[in-house]
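Colleague: The structure is given below, and queries will be raised subsequently.
The values are calculated or read from the model by the stated rules, or taken from the named source; none is laboratory data. All figures in this text were calculated on a predicted structure; none of them were measured in a lab. Virtual Cβ from ideal backbone geometry, glycine too; neighbours counted across all protein chains shown. Heavy atoms of the whole protein, side chains included, go into the accessibility calculation; ligands, DNA and RNA do not. Shrake-Rupley method; radii C 1.70, N 1.55, O 1.52, S 1.80 Å.
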Amino acid sequence: MALLEVAELDVNYGPLAAVRGLSLELEESQVAVILGTNGAGKTTTLNAISGAVRARSGTVSFDGRNVTNSAPWKISRSGLGHVPEGRRIVGPLTVEENLLVGAYNVRSRGRRSELIDDVFDTFPMLAEKRDELGGLLSGGQQQMLALGRALMAEPRALLMDEPSMGLAPIMVQHVMDAVQTIAARGIAVLMVEQNATAAFRVATEVYLIEHGEVILHGPVDQVQNSELVRRSFLGI
Amino acid sequence: MISWLAYYDDVIGHMFVLMILAFSMYVVMRVGVFSVASIGFWAIAGYGAAIADQYDVPPLLIVGGALLVSGVFGLLLALLAVRLSGLSLTMVTIAFVLLLQVIVLNWEDVTGGSLGIFGLPVHIGTYGLLAVVIVVAVLLALYERGRTGRAQDSLLHDEQLAQSVGIDIRRQRIVALTLSALLGGLAGCLNVFQTGMMVSNEVGFHVVVDALTMVILGGTAAWYGPVIGAAILAWLPQMLSFADEWRLAVQGVIIVVVLVFAPQGAAGLIQRLARGVAAKRRSSLLKRREPQDVSA
Amino acid sequence: MSGYFVDAMILGSIYALFTVGLSLSWGILGVLNLAHGSIFMAGALSAYMITSAGALPLAVVLPASMLVSGGLVVLMELVAFRPIRRRAANPLAAELPMAIASVGVSSVLVAFANNFTAGYSLSLPQDMFTVSSINILGLTITNIGALIVVFAIGLTVALGLYVARSRQGRALKVIAQDSYVGGLLGISMNRLALGTMFISGALAGCGGVLFSIHVNSMHAYMGEALLLKAFAVIVVGGIGSIWGAAIGAYVLAAAEVLAVVSVGVGMRDVVAFVLIIVILLARPQGLLSKRKWQRS
Ligand SMILES: Nc1ncnc2c1ncn2[C@@H]1O[C@H](COP(=O)(O)OP(=O)(O)OP(=O)(O)O)[C@@H](O)[C@H]1O
Ligand SMILES: [Mg+2]
């Protein structure tokens, strides 16, 4: 049984069907990428998995438990992190406070500071900015902070929504390296991306979605040669 | 029937006055603003009318004056208020009413303090009030059909969307707040003309609760929402005659229950029903046409 | 001269006890609790009801009343605010209905108090707390006045430090900024809302009890006038800021005492309104609030 299983997921915004009969699986320690054009329903899918929008039907199970339409904070506590689209760093809090907030459900002060040191080791760039306000960081720094913040909860799996969005090529590379580091620790990653080239370097599974439906699914080495992916996402 | 009408003449007349006050709340609610400024203008115009009446100023002149003053102050308040967002705007309008309350209670020489001003002539009867209500309702219904009205609809549903299609929210809100002030002033003036008195209670908390009961219960989906709300509020004392001292409590419960369980109010429910009926008719028409398509 | 200082300190302390909770629930949860004045009153009323059941010292009555007033706001959260929040399309869309619902609740509380007191002013029994004059640092102050100051400063500082330092305090700042992200980080907004609402109500209730001993009177509308003052305090201090509310409270009190001394008693209640208008015209985001964390 896979760590995260989504089956026949339907999500509506009023009359609009944003996600339709979507199924996917994420194995332990696996990195999968969801590709899709703007408005395909990628963010909606992630939000439905983490409980932030209501699924109309279908099931989401994590770690063998049915978590469909549970409260987001409960799903987060069960070990499924979510790095949201646009990073959403809490501007008036410092970098350190933003990280501490990530460990909201870690009760021990000692454990929290261990986790912080660990994040600073992984992302030295953040250590330098420790006392700066989160809102003042650059886009790339904020993305690192968002990843670090998610790690603070010691998740078993992470959802990431377009981590490379709006970043310079060099920063995209840093972010993908970071994703790789995270995956190397055994944390499963389900990542939404539009930058397929970058995503294929770290992912092993691909889901291509359009109009809220999975239209293609398979291992990266097979899918990246498909006509559909080459034309729409690799610009070949 | 005739004797019934005569018996309840005061209630019916007051119902029409309440309708205009409800319209005043309604026009701002429709642009997504929670303002209680209507009660402020109701009070200003009410006291203005009562005081002018003591000096035998002709009633038409009083109405004109009330509209002028409400319009000007309404515009000023609107210009200040639209700089603010959401709850801050609400806060300013509440502060405005609370300030008026203090002034009314303390400026006894002019306002009569907590007793108020009594024994004024009655200038308007039930039919006159009905005429005013009809005129206002027709104007509002036309206004809703017109361009600005439609702009407000989309604004109500999605502020960002409205902005992105180039609707000037600030202007819409200034118009709505000023219109609301005019209607509030008109209602306050007519209230004094109908009852022949103005008491300090009319600036108080219970008028705010009355106004909200009407507009929440009736809903803001269409112009008939406030009409329904006012009609129910006017008859509430008759229905609750055994427990008048609990009237405020009943209204409070109504407000909360409607907001939680039927946020669109009566007008919203009616619209939904109407839409349901229309959809059913359309789908039955479609079904009837189906065989023809097959045979064609 | 020192008499004025003492007056301003006591007044400011009442304002602080009243406003801190109001500002907190507005800033963090988007709840403009217009029943806050009624909660203040409910604190005093429950003290009266408790002592009429049996002679008890203030040390028992005060915590019990704070429990009641805090509990009332928790009840509001459960029956009104939470359902409205759950149904709203986004957090912003819940703000206006929640504010209106709070007027409904206020209406219920005021009706209850009005019926209980039969519209009269009541005084709390003397044997619960005997008021006397004391001397501190050369200032003459009543013991209840001193208690008010001590409670206001003590509770505000404790709350301010708690929010600044604790795990829950940080989470509150996240919720205030972005409740969506709060959920993704494992923060339960509903739980934090209960805590915030309880504290907000308990502080107001504490103010209500102490104030009614201080002025030796309580009545159904005692909290209403404070709402205007609280708005001015919030405008000075910035929405949601505990320190800002505390500073704003003493600033307003000092300004009021100054106005009374230099102009006359009539000016007292106008100061708050003028402050609101002037500050909102000049700095709509509040006098003390800063936005330095945003990139330009
Ligand atoms: N809150 C909302 N209310 C109504 N419709 C929405 C809402 N959020 C998204 N949609 C619609 O649902 C569809 C899917 O949106 P979604 O944000 O999931 O797409 P996406 O694949 O993440 O796009 P992008 O690449 O631009 O981030 C779109 O048509 C969008 O307009
Ligand atoms: Mg997206």
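Colleague: What single numbered condition from (1) within 16 Å of ligand 2 (Cβ to nearest atom); (2) in a helix (DSSP H, G or I); (3) farther than 20 Å from A:I49 by Cα fails to hold for A:A127?
Modeller: (1)
Colleague: Looking at (1) within 16 Å of ligand 1 (Cβ to nearest atom); (2) within 14 Å of chain C (Cβ to nearest Cβ); (3) within 14 Å of the chain's Cα centre (by Cα), find the lone condition where A:L158 falls short.
Modeller: (1)
Colleague: When both residues are 6+ apart or on different chains and their Cβ atoms are under 6 Å apart, which pairs have a first residue that lies in the stretch B:21-35 and is closer than 12 Å to B:T178 by Cβ and touching a residue at least 60 places away in the same chain (Cβ under 8 Å), and a second that is among the charged types (D, E, K, R) and open to solvent by 10 Å² or more (accessible area, probe 1.4 Å)?
Modeller: These pairs meet every condition: B:V31/B:R173.
Colleague: Out of the stretch A:151-174, which residues are touching a residue at least 60 places away in the same chain (Cβ under 8 Å), open to solvent by 10 Å² or more (accessible area, probe 1.4 Å) and either away from ligand 2 (no atom under 16 Å from the Cβ) or polar (S, T, N, Q) (or both)?
Modeller: Within the stretch A:151-174, the subset touching a residue at least 60 places away in the same chain (Cβ under 8 Å) is A:151, A:153-163, A:165.
Checking which are open to solvent by 10 Å² or more (accessible area, probe 1.4 Å) leaves us with A:151, A:153-156, A:162, A:165.
Of everything in the stretch A:151-174, those that are touching a residue at least 60 places away in the same chain (Cβ under 8 Å), open to solvent by 10 Å² or more (accessible area, probe 1.4 Å) and either away from ligand 2 (no atom under 16 Å from the Cβ) or polar (S, T, N, Q) (or both) turn out to be A:L151, A:A153, A:E154, A:P155, A:R156.
Colleague: Of all residues in the stretch A:19-45, which are near ligand 1 (Cβ under 8 Å from one of its atoms), buried (at least 18 other Cβ atoms within 10 Å of the Cβ) and away from chain C (no Cβ under 14 Å)?
Modeller: Residues satisfying the conditions are A:V19, A:G36, A:A40, A:G41, A:K42, A:T45.
Colleague: Still on this structure: If you take the residues in the stretch C:255-267 that are assigned to a helix (DSSP H, G or I) and modelled with pLDDT of 85 or more, which one is farthest from the chain's Cα centre (by Cα)? Break it down into steps so the answer makes sense when it comes.
Modeller: So the first thing to find is which residues in the stretch C:255-267 are assigned to a helix (DSSP H, G or I), and the list is C:255-262, C:265-267.
The next check asks that each one be modelled with pLDDT of 85 or more; those that pass are C:255-262.
Numbers: C:A255: 19, C:E256: 18, C:V257: 20, C:L258: 23, C:A259: 23, C:V260: 23, C:V261: 26, C:S262: 28 Å.
Across the stretch C:255-267, the extreme among qualifying residues is C:S262.
Colleague: What residue, of C:S2, C:S52, C:S25, is within 20 Å of C:L226 (Cα to Cα), away from ligand 2 (no atom under 16 Å from the Cβ) and either facing chain B (nearest Cβ under 10 Å) or hydroxyl-bearing (S, T, Y) (or both)? Quick ask: steps written out before the conclusion?
Modeller: Values: C:S2 fails: within 20 Å of C:L226 (Cα to Cα); C:S52 fails: within 20 Å of C:L226 (Cα to Cα).
Just a single option satisfies the conditions, and that option is C:S25.
Colleague: Return the residue satisfying two criteria in turn: it lies in the stretch C:48-80 and is buried (at least 23 other Cβ atoms within 10 Å of the Cβ) and polar (S, T, N, Q), and of such residues it is farthest from C:I213 (Cα to Cα).
Modeller: So the residue we want is C:S69.
Colleague: Of the residues A:E5, A:E28, which is of a type in the set (D, E, K, R) and closer than 22 Å to A:D177 by Cα? Outline the logic, then answer.
Modeller: Working: A:E5 fails: closer than 22 Å to A:D177 by Cα.
Checking each option against the conditions leaves just A:E28.
Colleague: Give, as residue ranges, the strands (runs of 3 or more DSSP E) completely inside the stretch A:175-236 that count at least 1 residues that are open to solvent by less than 10 Å² (accessible area, probe 1.4 Å), in contact with a helix residue (DSSP H, G or I) (Cβ under 8 Å, 6 or more places away or on another chain) and under 23 Å from A:G21 (Cα atoms).
Modeller: Working: elements: A:188-193, A:205-210, A:213-219.
Result: A:188-193, A:205-210.
Colleague: Take C:I247 and decide whether it is part of a helix (DSSP H, G or I), under 17 Å from C:S123 (Cβ atoms) and open to solvent by 10 Å² or more (accessible area, probe 1.4 Å). Working first, answer last.
Modeller: On the way: part of a helix (DSSP H, G or I): yes; under 17 Å from C:S123 (Cβ atoms): no; open to solvent by 10 Å² or more (accessible area, probe 1.4 Å): yes.
No: the conditions fail for C:I247.
Colleague: Okay, next question. Does B:V92 qualify as being assigned to a helix (DSSP H, G or I), open to solvent by 30 Å² or more (accessible area, probe 1.4 Å) and either more than 9 Å from chain C (Cβ to nearest Cβ) or free of Cβ contacts under 8 Å to residues at least 24 places away in the same chain (or both)? If you could, list the steps in order and put the result at the bottom.
Modeller: Working: assigned to a helix (DSSP H, G or I): yes; open to solvent by 30 Å² or more (accessible area, probe 1.4 Å): no; either more than 9 Å from chain C (Cβ to nearest Cβ) or free of Cβ contacts under 8 Å to residues at least 24 places away in the same chain (or both): yes.
Criteria not met by B:V92.
Colleague: Do the conditions hold for B:F242, that is, is it out of contact with any strand residue (DSSP E or B) (no Cβ under 8 Å at 6 or more places or on another chain), at pLDDT 90 or above and open to solvent by 80 Å² or more (accessible area, probe 1.4 Å)? Reasoning before the result, please.
Modeller: Details: out of contact with any strand residue (DSSP E or B) (no Cβ under 8 Å at 6 or more places or on another chain): yes; at pLDDT 90 or above: no; open to solvent by 80 Å² or more (accessible area, probe 1.4 Å): yes.
Answer is no for this residue.
Colleague: Looking only at the stretch B:17-36, decide whether some residue is among the charged types (D, E, K, R) and more than 12 Å from the chain's Cα centre (by Cα).
Modeller: Within the stretch B:17-36, the subset among the charged types (D, E, K, R) is B:30.
With more than 12 Å from the chain's Cα centre (by Cα) added as a condition, the list becomes none.
So far as the stretch B:17-36 goes, no, none of its residues is among the charged types (D, E, K, R) and more than 12 Å from the chain's Cα centre (by Cα).
Colleague: Which count do you get for residues in the stretch B:45-85 that are in contact (Cβ under 8 Å) with a residue 40 or more places away in the chain and in a helix (DSSP H, G or I)? Full working, then the answer.
Modeller: First, pick out the residues of the stretch B:45-85 that are in contact (Cβ under 8 Å) with a residue 40 or more places away in the chain: B:45-51, B:53-54, B:59, B:62-63, B:66-67, B:69-71, B:73-75, B:77-79, B:81-82.
Then drop every residue that is not in a helix (DSSP H, G or I), which leaves B:45-51, B:53-54, B:59, B:62-63, B:66-67, B:69-71, B:73-75, B:77-79, B:81.
Summing the residues that are in contact (Cβ under 8 Å) with a residue 40 or more places away in the chain and in a helix (DSSP H, G or I) in the stretch B:45-85 gives 24.
Colleague: Another question, if that's okay. Can B:V209 be described as open to solvent by less than 30 Å² (accessible area, probe 1.4 Å) and farther than 23 Å from B:V122 by Cβ? Walk me through how you get there before you give the answer.
Modeller: Values: open to solvent by less than 30 Å² (accessible area, probe 1.4 Å): yes; farther than 23 Å from B:V122 by Cβ: yes.
So B:V209 fits the description; yes.
Colleague: Looking at (1) in contact with a strand residue (DSSP E or B) (Cβ under 7 Å, 6 or more places away or on another chain); (2) open to solvent by 20 Å² or more (accessible area, probe 1.4 Å); (3) away from ligand 1 (no atom under 16 Å from the Cβ), which one does A:E85 not meet, given that it meets all the others?
Modeller: Against the list (1) in contact with a strand residue (DSSP E or B) (Cβ under 7 Å, 6 or more places away or on another chain); (2) open to solvent by 20 Å² or more (accessible area, probe 1.4 Å); (3) away from ligand 1 (no atom under 16 Å from the Cβ), A:E85 comes up short only on (3).
Colleague: Checking C:A55 against (1) over 16 Å from the mean Cα position of the chain (by Cα); (2) within 26 Å of B:S85 (Cβ to Cβ); (3) not in a helix (DSSP H, G or I), which test does it fail?
Modeller: (2)
Colleague: Run down B:L248, B:L259 and say which single residue is touching a His at 6+ places or on another chain (Cβ under 9 Å) and open to solvent by 10 Å² or more (accessible area, probe 1.4 Å). Talk me through it step by step, then tell me what you get.
Modeller: Numbers: B:L259 fails: touching a His at 6+ places or on another chain (Cβ under 9 Å).
The unique qualifying residue is B:L248.
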